[in-house]
Amino acid sequence: MARAVSTRTKVLNTAIAGTLGFLMFFPILWIIILSFKTEEDAIRAPLEVLFQSGWTIENFLTVQARSDYFKHFSNSVIISLGSTLLGLIIAIPAAWAMAFVPAKRTKDVLMWMLSTKMMPPVGVLVPIYLIFRDTGLLDSLIGLTVVLMLINLPIIIWMLYTYFREIPGEILEAARMDGATLKKEILYVLAPMALPGIASTILLNIILAWNEAFWTLNLTAANAAPLTAFIASYSSPEGLFFAKLSAASLMAIAPILIMGWFSQKQLVRGLTFGAVK
Amino acid sequence: MGKITLKNVKKAFGDVSVIPDINLQIENGEFVVFVGPSGCGKSTLLRLIAGLEDVTSGLIEIDGKDATHLPPAKRGLAMVFQSYALYPHMSVRKNIAFPLKMAGMSEAEQTSRVERAAKVLNLTNYLDRRPGQLSGGQRQRVAIGRAIVREPAAFLFDEPLSNLDAALRVGMRQEITELHQTLKTTMIYVTHDQVEAMTMADKIVVLNAGNIEQVGSPLELYRSPVNLFVAGFIGSPKMNFVEGTEAAKHGGATIGIRPEHIDIVEGGPWTGTVGLSEHLGSDTFLKVQVDGIGTLNVRASGEVGRHHGDRVSLAPQADKFHRFNKDGRSMK
């Protein structure tokens, strides 16, 4: 039976939810508004910004002229896709092994992997920086791709492990009886069955890699700098340029926001995969 | 061909020995049923034959060739799982064709074989459906279809009917038996249900704690069980066991008498009070508290007008006694 909810409660709940939603979205909205204002207008009081100033696309032009947006954009695409692909190549066999042929220490290995995420990244900055310097990987796309893959690898393995665990072992045994080699078993049976999970792992990892700011800022200079570095370059010692910073931010988050919007159904399906049978 | 020989097969998981030592010969074309209570090692034994588990030691020969260390696919066996284990993302057609595709068979040959199997199993109208759109019985038939297209040396069935309801189970039981008569291929069938074992098998292997208790045809096991375990396991309702002075009178440490071998008569040697009475019409099952002996199950043909609390007199059929020594072995 449906629970009875009074109209008053419904209105109140909707108002609270709406307000909270608006508060969470407000910073993004403000970035969007400021990115279309001049620098002088952008530092005015909020109400004045909204009602007494004009609109302009000058910021976007300036930003593109000053720092090549498309170069940073393509760097972001390369490192987020690259690190995801590389991560999957390593994580699928790892998760397969842990899900279907668990050993005595499998649980410990999983916990250890997760524990690496508990350490602040700055703790390993110096060693990694030195390794990168000595191997010539500083400010290189390959270096950055590998680092982002490594920091997200525990999450990829954990997610895939969880999805694989949902797949009954008997089905894989049936495939083995039917003559499938390990490669074919993964390709024809495991991967299609875990597809919602694999897809959401890919999406989440792309988002994480796209937004990652610590390593991308510390290990790049000009060549391999992705969009995070592009935004950061607008917060400079000479002063803040709110309108340009907003325009740069909007340009940096727009692609991932659009991708997230179109894939949200897939993302939710994957993240709740197996929760309800 | 499908002759399977197990020589001194042992299996242990860590320190736990599941199968201490088994020797068994399965002839070509036989329908062999492994039966036993849960945890007796029957499924493990099947998985060892399938190659899904590795033997700890011993030898498995298929058609005279050593298959002990062959991977499952190379053994030429097909398996039907308890959960059906169909590929949920593939149509019925693709499910059945999967082993053929793995074997690299041509599309045309795949199609003709799948259609032949579908015809045998009444699946022709369902070939383009997904397993999720089928009933339990149909799913089971798809699983069998996937097994028969390969034309294997032997079929392995791991409790294939336990997920079906009672009526379907009887129907599928007959279908599998008929399939065996048509194909004449070796079948090894694992079940905990002794009715399935009795009705389907050419040869029953009774397992207990990883050991073979007895191997024989259904009626051999029924007529001459070698020990108390087999005597108690085969037959429904269970055989009655009597110990003490009454047993000594008949010349054994324990005597067994099947419920259907006790007659309700006037002036029989045993008298007792009816406890539970189950009237099925065709048969009547009585639980009788016999004076000085204990509770005995009695099965009578047809309708018997005895109910809870009635006094009855019973006569065991003298030539139907099973005598066991104090170690539980048959004394015949």
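No lab work stands behind these numbers, since they all come straight from the coordinates. These figures come from a predicted structure and were not determined experimentally. No Cβ is skipped: glycine too gets one built from the backbone with ideal geometry, and neighbour counts run over all protein chains shown.
Axis of helix B:107-120 versus longest Cα principal axis of chain B: the two differ by about 20°, to the nearest ten degrees. Excluding B:Leu6 itself, calculate the net charge of residues whose Cβ lies under 15 Å from the Cβ of B:Leu6, where each Lys or Arg counts +1 and each Asp or Glu counts -1. Residues near B:Leu6 contribute +1 overall.
Between B:Ala12 and A:Val109, what is the label-point separation in nm under the 7 Å Cα-to-beta-carbon projection? So the label points at A:Val109 and B:Ala12 sit 2.5 nm apart.
Among the helices of chain A, those built from whole DSSP H runs whose Cα atoms reach 18 Å or more along their own axis and whose mean Kyte-Doolittle hydropathy is at least -0.5 are A:7-35, A:69-100, A:141-165, A:195-211, A:242-271.
For A:Lys104, a cut-off of 26 angstrom between C-alpha atoms picks up these lysines, skipping any fewer than 8 places away in its own chain: A:Lys117, A:Lys183, B:Lys10, B:Lys11, B:Lys42.
Taking the helices alone, chain B has a mean residue ellipticity at 222 nm of -8000 deg cm²/dmol, built from -39,500 (n - 2.57) per DSSP H run of at least 4 residues and averaged over all its residues. The ranking of A:Ser249, A:Ser83 from fewest to most other beta carbons within 10 Å of each one's beta carbon is A:Ser249, A:Ser83. Per residue, the average separation of C-alpha pairs within less than 8 Å and at least 6 apart gives the stretch B:4-230 a relative contact order of 29 percent. Note on B:Thr191, A:Thr19, B:Thr271: ascending count of other Cβ atoms within 10 Å places them as A:Thr19, B:Thr271, B:Thr191, the fewest first.
Taking a ≥ b ≥ c as the square roots of the eigenvalues of the Cα gyration tensor, an a/c ratio of 1.5 or more together with a/b no larger than b/c marks chain A as oblate. Between beta-carbons, use under 15 Å as the cut-off and find the net charge around A:Gly87, counting Lys and Arg +1, Asp and Glu -1. That sum, taken over residues with Cβ under 15 Å, equals 0. Here the relative contact order of chain A, from alpha carbon pairs under 8 Å that lie six or more residues apart, stands at 30 percent. Computed from phi, the 3J(HN,Hα) profile of the stretch A:214-226 under the Karplus parametrisation 6.51, -1.76, 1.60 (θ = phi - 60°) reads 5, 6, 5, 6, 7, 10, 10, 10, 10, 5, 9, 5, x Hz, with x in place of Gly and Pro.
Counting, for every residue in A:178-184, the Cβ atoms of other protein chains within 10 Å of its Cβ and taking the mean gives 6. Between B:Arg223 and B:Glu151, what is the FRET efficiency for a Förster distance of 51 Å, r being their Cβ-Cβ separation, to the nearest 0.05? After rounding to 0.05, the efficiency reads 0.90. Extending 7 Å from the Cα toward the beta-carbon at both B:Asp128 and B:Asp165 defines two label points whose distance is 3.0 nm. Take every pair of alpha-carbon atoms less than 8 Å apart whose residues are at least six positions apart; their mean separation over the length of the stretch A:131-276 yields a relative contact order of 32 percent. Per the Debye calculation on the protein assembly as shown with a single equal scatterer at every Cα and no solvent contribution, log₁₀ I(q)/I(0) for q = 0.09, 0.12 Å⁻¹ amounts to -0.91, -1.21. Using a cut-off of 11 Å between beta-carbons, work out the net charge of the residues near B:Asp263 (Lys and Arg +1, Asp and Glu -1, B:Asp263 not included). Net local charge, B:Asp263 excluded: 0. Return one number: the angle in degrees, 0 to 90 and rounded to the nearest 10, between the long axis of the Cα atoms of helix B:166-183 and the longest principal axis of the Cα atoms of chain B. The helix B:166-183 is inclined about 60 degrees to chain B.
Of the residues B:Ser43, A:Ser6, the one with the fewest other Cβ atoms within 10 Å heads the list, and the complete ranking is A:Ser6, B:Ser43. Legend: mean number of C-beta atoms from other chains within 10 angstrom of residue C-beta atoms, peptide B:74-83, equals 3. Between A:Leu195 and A:Thr162, full extension at 0.36 nm per residue minus the direct alpha carbon distance yields a gain of 10.6 nm. The residue among B:Phe241, B:Gly252, B:Ile293 whose Cα reaches farthest toward the positive pole of the charge dipole of the stretch B:237-324, with charges on the beta-carbon of Lys, Arg, Asp and Glu, is B:Gly252. Helical content alone sets the calculated 222 nm signal of chain A at -23000 deg cm²/dmol, taking -39,500 (n - 2.57) per DSSP H segment of four or more residues and averaging over every residue.
Counting, for every residue in B:89-95, the Cβ atoms of other protein chains within 10 Å of its Cβ and taking the mean gives 2.
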